[in-house]
1. Under 9 Å between Cβ atoms, which residue pairs at least 6 apart in sequence (or on different chains) link something in the range 21-44 that is more than 12 Å from Lys75 (Cα to Cα) with a partner that is among the acidic types (Asp, Glu) and at pLDDT below 95?
2. Hey, can you tell me all the residues within the range 1-16 that are in a strand (DSSP E or B) and either over 13 Å from Asp71 (Cα atoms) or among the polar types (S, T, N, Q) (or both)?
3. Residues of the range 17-37 being over 21 Å from Glu88 (Cα atoms) and assigned to a helix (DSSP H, G or I), which ones?
4. Can you give me the number of residues within the range 86-103 that are surrounded by 11 or more Cβ atoms within 10 Å (Cβ to Cβ) and under 11 Å from Leu13 (Cα atoms)?
5. Among residues belonging to the range 59-79 that are under 14 Å from Val6 (Cα atoms) and under 14 Å from the mean Cα position of the chain (by Cα), point out the one that is surrounded by the most Cβ atoms within 10 Å (Cβ to Cβ).
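The values are calculated or read from the model by the stated rules, or taken from the named source; none is laboratory data. Predicted model only: the values in this text are computed from it and were never measured. Neighbour counts run over all protein chains shown; Cβ positions are idealised from the backbone, glycine included.
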Amino acid sequence: MKSEDVVIARIYLTEEKAHLKNLLARLHDWEKVRGVTVFRGISGFGKSGVMHSSTLLDMSLNLPVIVEFFDTAEKVDAILEHLNTFIEPGHIVSWPARINVKD
């Protein structure tokens, strides 16, 4: 089995601040990254300590959202440089990974 080096990036947001339509358009249409997944959390909190959760009493639907994507290190680095201009510091993590590719 052949493999290839990639970088995975994960962006932590809330539904309220996700700008999902624009972010996904950039990753899909402009950057043409190799893979993107959006996760919607059932609860979570960040630096502020404010808990966001999906209880029956919480109708705001301001739940945690994670946008994860991968591609070559060069492409991900360029994308993250742009995203750092409008995503709050501490909300993006990335790490190297390997994917299996067709022989």
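1. Within 9 Å, the pairs are Arg40/Glu15.
2. Lys2, Ser3, Ile11, Tyr12, Leu13, Thr14
3. Hits for the range 17-37 are His28, Asp29, Trp30.
4. 4
5. Only one residue fits best here, namely Phe69.
For (1) over 21 Å from Val101 (Cβ atoms); (2) outside any helix (DSSP H, G or I); (3) modelled with pLDDT under 90, each residue gets a yes or a no:
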{"site": "Lys47", "(1), (2), (3)": "yes, yes, yes"}
{"site": "Met59", "(1), (2), (3)": "yes, yes, yes"}
{"site": "Glu68", "(1), (2), (3)": "no, yes, no"}
{"site": "Glu74", "(1), (2), (3)": "no, no, no"}
